[in-house]
1. Identify all residues within region 43-65 that are under 18 Å from His97 (Cβ atoms) and open to solvent by 70 Å² or more (accessible area, probe 1.4 Å); write none if there are none.
2. For region 23-42, give me each residue that is open to solvent by 60 Å² or more (accessible area, probe 1.4 Å) and more than 24 Å from Pro84 (Cα to Cα).
3. Restricting region 66-96 to residues that are among the charged types (D, E, K, R) and surrounded by 14 or more Cβ atoms within 10 Å (Cβ to Cβ), which is farthest from Ile48 (Cα to Cα)?
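The values are calculated or read from the model by the stated rules, or taken from the named source; none is laboratory data. Because the structure is predicted, anything quoted here is derived from the model rather than measured. Methodologically, a virtual Cβ is constructed for each residue, glycine included, from the backbone with ideal geometry; neighbour enumeration extends over all protein chains shown. Side chains included, ligands, DNA and RNA excluded: accessible areas come from the protein's heavy atoms. Shrake-Rupley method; radii C 1.70, N 1.55, O 1.52, S 1.80 Å.
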Amino acid sequence: MTGPWPALLTIAVAAGLSVLLALWCDARRHVERERAENLRLRARLATITGILAPLPDAVRAGRAAVIPPNDLAVLALLVEQEGPDGDEIAALEVLLHRPPGTLDTGNK
């Protein structure tokens with residue numbers, strides 16, 4: 001091959017590979033974001049499930065279902081704040097009601 005064709009072919013292949021690489025990197029970032037969001041939602045579900053776990057037994061036994069006020073506050077925060085900010089606020093609410101001796105302050 002002579003003339004401009006080898007250069008044009010090289011440019012076309014390089015451009016195609018660049019586009020494929022960019023698409024692949026974007027897909028990886030998207031998968032990582034989705035994975036992080038799934039982990040966040042699983043943690044939120046575990047928290048809500050833990051708070052509401054006593055309710056089915058209480059209903060079956062015909063007892064009044066009682067949720068401690070601290071847990072109700074966390075549940076209210078998780079319902080009111082749907083995004084990651086709600087998770088952080090709920091975690092702070094949990095820390096607020098922990099006994100001081102159980103907190104890890106990092107000062108050792």
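1. Answer for region 43-65, where residues must be under 18 Å from His97 (Cβ atoms) and open to solvent by 70 Å² or more (accessible area, probe 1.4 Å): just Pro54.
2. If the condition is that a residue be open to solvent by 60 Å² or more (accessible area, probe 1.4 Å) and more than 24 Å from Pro84 (Cα to Cα), then Leu23, Trp24 are the ones that fit.
3. This residue is Glu93.
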